[in-house]
Amino acid sequence: MEPWKLKFSLKLRTVSQKFETTEQAEEQILAESVDKANLIVQDSLGNVVEVQYVHMDNATINLRNLYTKAYLGISSAKVPKFWLAFGVSLPPLGWNTYFISEETRKGKSFSSSKALE
């Protein structure tokens, strides 16, 4: 049985709540479709959760575009490119909240433009 999921967006972050409807604690993998690969996930206590990005295949993207056009009558301007997968922990008959936001880097950063030969 899949626990019930609630998701809504704020300006800078997405909030995802997972509900466990059984009397057993659950450890699951949650996958959200995203268009950026610079996101972090935090639990309700502010702890950073380890994430993995999985490229979305063309069949999934095409199917999503088809249903978006069919239900809304318009094409989506932003098409997700990745699945953002992360582990969630749910207490029995309870819920947990996860915050998805853009990563803000502190300190110095650099990039290398030297091409490999």
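The values are calculated or read from the model by the stated rules, or taken from the named source; none is laboratory data. This is a predicted model, so every value here is computed, not measured. Cβ placement follows ideal geometry from the backbone for every residue including glycine, while neighbour counts extend to all protein chains displayed.
All of (1) of a type outside the set (Val, Ile, Thr); (2) modelled with pLDDT of 90 or more; (3) closer than 20 Å to Ala31 by Cα hold for Leu66 with one exception: (3). Within the option set Leu90, Leu12, Leu45, being at pLDDT 85 or above and of a type in the set (A, V, I, L, M, F, W, C) holds for one residue only, Leu45. Checked against the criteria, Pro80 counts as surrounded by 15 or more Cβ atoms within 10 Å (Cβ to Cβ), modelled with pLDDT under 90 and not in a strand (DSSP E or B). State yes or no: is Thr60 in a loop (DSSP other than H, G, I, E, B) and either over 11 Å from the mean Cα position of the chain (by Cα) or closer than 11 Å to Ile100 by Cα (or both)? No; evaluated as a whole, the condition is false for this residue.
Under the condition of being among the hydrophobic types (A, V, I, L, M, F, W, C), farther than 19 Å from Trp95 by Cα and surrounded by 15 or more Cβ atoms within 10 Å (Cβ to Cβ), the residues counted in segment 12-58 number 5.
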